[in-house]
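Here is the structure we will look at, set down as structure tokens.
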Amino acid sequence: MTGTQSRVRTSVLLVFLAYLGGFIGIACPVISAQELSVVRRQEWSGRIIAKTNHSLQLQTADGPSPEVLFQDRGVRAIPLPRGGGAVNSQTQVQVLGQVSLELLRPNHAVEVDLDLGRDGRVGAIRRWQLLPVDHAADNVQFVADPPSERNELGAATVQGVVSKVNRGKLRLRLTPSEFSGKGGLELTLSPDAYLQVTASDMVEVQVGDEVLSLEALQLNTGDWIAGRIRVQLSPDRTGVQTDPQQQFQLKYRHLSDQGQPPREVRSKNFLLKTDLSPRSAQILLDKLEEMFSVISKYYNRRSLDQPIVCYVAQDLDLWGTEVEELREGLDWIQRRAGVTIASRLGNLRRAVVYACGDHQVVQHEAVHAFCHLAFGGTGPTWYAEGMAELGCYWRPGDAGVNIDPVVIRYLTTTDPPSLADLVRPDQVTGDSWQAYAWRWALCYLLVNNPNYNQRFYRLGERLMPPGSNVSFQTEFADVAAEIDFEYQQMMRHLGNGYRQELCSWNWKQKTFPIDGRGRKSDVAARGGWQATGGLVKAGQTYEVQAEGEWAVDSQPAFAADGQADGRGQLIGAILTKREATAEQGPSYLLSDEIPLGAQARFTATADGQLFLRCREPLTQIDDNQGKIKVIVRRP
């Protein structure tokens, strides 16, 4: 038998994102295709009606504000959707709030002002403060001299981590002392008390919170960027510090965050040799196992015969003579990237990941390793890299887009390549971060769109084994026009929060010309363009009547006329199929939006099928509720 060895795929997109920080900084604060200048200053206040990890929109007394971009703590730049490029302009954020003590959970850290005596005796409790996720130390500090008598109490401030919450009582983990027992302090949760929350970033902020002031600048590109934001958290929330990254930090806050000499750390499906800090290494293992659960379920490979081995190096100085173990991937690690070295000998397979300390780079490469161990290969470049990028962002139970704003800005401001170019078989790994972004987008659509996901899964199974002779073109030739149209539509509306399964197009709807008897449809607020099955003809007039109510942005329900700003209005569009010609295959064209509301007349601008939806950015429809009953007829 002949053994084979290959250098499998590199994390170019993630390398780009890491490299971005190299040219956005003090020496070069602006990256743009044009000179930037401030043309207007504005201050708003109001309730947040839309938020992503880099932008927000308010409902003010005068109506909705424009989308305002912000640069949160730890973010290197703000991408400018209208102007192209990016600008480094850190937003000053102040977040305040008072929420129920019932939201406290184990691993939360709190600061409490109380009266405290020996052996953990607790008197009055005056204040509860939530501490940041990276706060791990516990402390007891008395305002004056500590109590000297057994029955004496003294005013103190206590910091500790919650270890248990049960039946109105909370146990706070503290280093044993004369003022705390071995199990820490037991505190009563008064129904009249509240938990103070403060933050200097936007992670805790969500739709429904109140912005007390938003100071923004409009650039000559048309983009609005936030200078200062003050936010009052709504007390009506289901949790605090619930972001996935915060949850990882809470879980392992007791571990050191200092790098250590390389050692092995293990989980069920992974073996790391790394110099990452104990906290970072455990968080990485959790991310990898979470990712493994999703991709193994998708590929129906619940386990492998061996762990995925990963060498992860953050600081090469810590490796000493053991750096020789990194030899095959050292060049990539030094470039702050990663590589997977895969080999086969008959039915025996091996895959080893070499990566820098960036968790997403490791996750990307681990997808390549998983596919090689499960199928013997990773498929053509467009599939291998698209699925590896997708794996970095896959989270159980969440199919929404959640990627770097820089990538979104590129995808939504650049003409997408044709479907044929995207799946060309002659592509090579490591070509460009832009190519990786397009591949991610195509795989995201095909994995999550119910029109194609089953066929795409079967195609992947046949693409990855060695010697595969199948191709995207042969498997999807009959629906290439539909995929291309849906891909173009996704690029038009893409943003964090976009959910492809809610925005897929119904190609199976039976169609009939709309006549005087009318055509009835149910239109859901939580959905993209929805087929009516009604065919219209250019130049003819049609009447629309809509009954019922729906709701957007968790607001009270309203009729199909929508709100004063147009949000929530029933709208339509006409989808026309253009038949194939000698030069090109069939294609689809969507008309401009037609404002409708509860009662309307419109004249069709083209022949085709009428589609309807609720007017709302497609990145924000996930929380919409309700349906409208619509009838469309010829007058």
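The values are calculated or read from the model by the stated rules, or taken from the named source; none is laboratory data. Here the structure is a predicted model, which means the values were calculated and not measured. For neighbour counting, all protein chains shown are included, and Cβ atoms are generated from backbone atoms with ideal geometry for every residue, glycine included. Heads up: the accessible areas ignore ligands, DNA and RNA and are worked out on the full protein's heavy atoms, side chains in. Shrake-Rupley method; radii C 1.70, N 1.55, O 1.52, S 1.80 Å.
Go through segment 563-598 and give me each residue that's out of contact with any strand residue (DSSP E or B) (no Cβ under 8 Å at 6 or more places or on another chain) and more than 22 Å from Glu482 (Cβ to Cβ). Across segment 563-598, the qualifying residue is only Gln563. Within segment 228-251, if we keep just the residues that are open to solvent by 50 Å² or more (accessible area, probe 1.4 Å) and in a strand (DSSP E or B), the residue that is farthest from Glu102 (Cα to Cα) turns out to be Arg228. Across segment 256-315, the qualifying residues are those that are farther than 19 Å from Pro244 by Cα and among the acidic types (Asp, Glu), and the one among them that is surrounded by the most Cβ atoms within 10 Å (Cβ to Cβ) is Asp275.
Against the conditions (1) closer than 24 Å to Gln488 by Cβ; (2) open to solvent by less than 10 Å² (accessible area, probe 1.4 Å); (3) modelled with pLDDT under 90, Ala441 satisfies every one except (3). Filtered by the rule that a residue be among the small types (Gly, Ala, Ser), surrounded by fewer than 17 Cβ atoms within 10 Å (Cβ to Cβ) and modelled with pLDDT of 95 or more, segment 31-62 gives a lone residue, Ser45. Please find, within segment 168-190, the residue that is farthest from Arg126 (Cα to Cα) out of those that are in contact with a Gly (Cβ under 8 Å, 6 or more places away or on another chain) and open to solvent by 60 Å² or more (accessible area, probe 1.4 Å). Across segment 168-190, the extreme among qualifying residues is Arg173.
Scanning segment 101-121 for residues that are more than 26 Å from Ser200 (Cβ to Cβ) and either open to solvent by 50 Å² or more (accessible area, probe 1.4 Å) or free of Cβ contacts under 8 Å to residues at least 40 places away in the same chain (or both) returns Arg118, Asp119, Arg121.
Every condition in (1) assigned to a loop (DSSP other than H, G, I, E, B); (2) in contact with a strand residue (DSSP E or B) (Cβ under 6 Å, 6 or more places away or on another chain); (3) of a type outside the set (Phe, Trp, Tyr); (4) within 25 Å of Gly495 (Cβ to Cβ) holds for Leu612 except the one numbered (1).
Quick check, is Leu130 closer than 21 Å to Glu102 by Cα and among the hydrophobic types (A, V, I, L, M, F, W, C)? So Leu130 fits the description; yes. Do the conditions hold for Ala477, that is, is it free of Cβ contacts under 8 Å to residues at least 24 places away in the same chain and in a helix (DSSP H, G or I)? Considered against the rule, which asks whether it is free of Cβ contacts under 8 Å to residues at least 24 places away in the same chain and in a helix (DSSP H, G or I), Ala477 comes out as yes.
Restricted to segment 365-378, and to residues that are crowded, with 24+ Cβ neighbours inside 10 Å and touching a helix residue (DSSP H, G or I) at 6+ places or on another chain (Cβ under 8 Å), which residue is nearest to Asp286 (Cα to Cα)?
Ala366
Note on segment 297-369: enclosed strands (runs of 3 or more DSSP E) holding 1 or more residues that are of a type in the set (Lys, Arg) and out of contact with any Asp or Glu (no Cβ under 8 Å at 6 or more places or on another chain) are 338-345, 348-356.
Within segment 71-79, one or more residues are open to solvent by 40 Å² or more (accessible area, probe 1.4 Å), outside any strand (DSSP E or B) and either more than 22 Å from Val211 (Cβ to Cβ) or of a type in the set (Asp, Glu) (or both). For Pro635, indicate whether it is open to solvent by 10 Å² or more (accessible area, probe 1.4 Å), at pLDDT below 95, within 20 Å of Asp515 (Cα to Cα) and more than 33 Å from the chain's Cα centre (by Cα). Judged against the criteria, Pro635 is a match.
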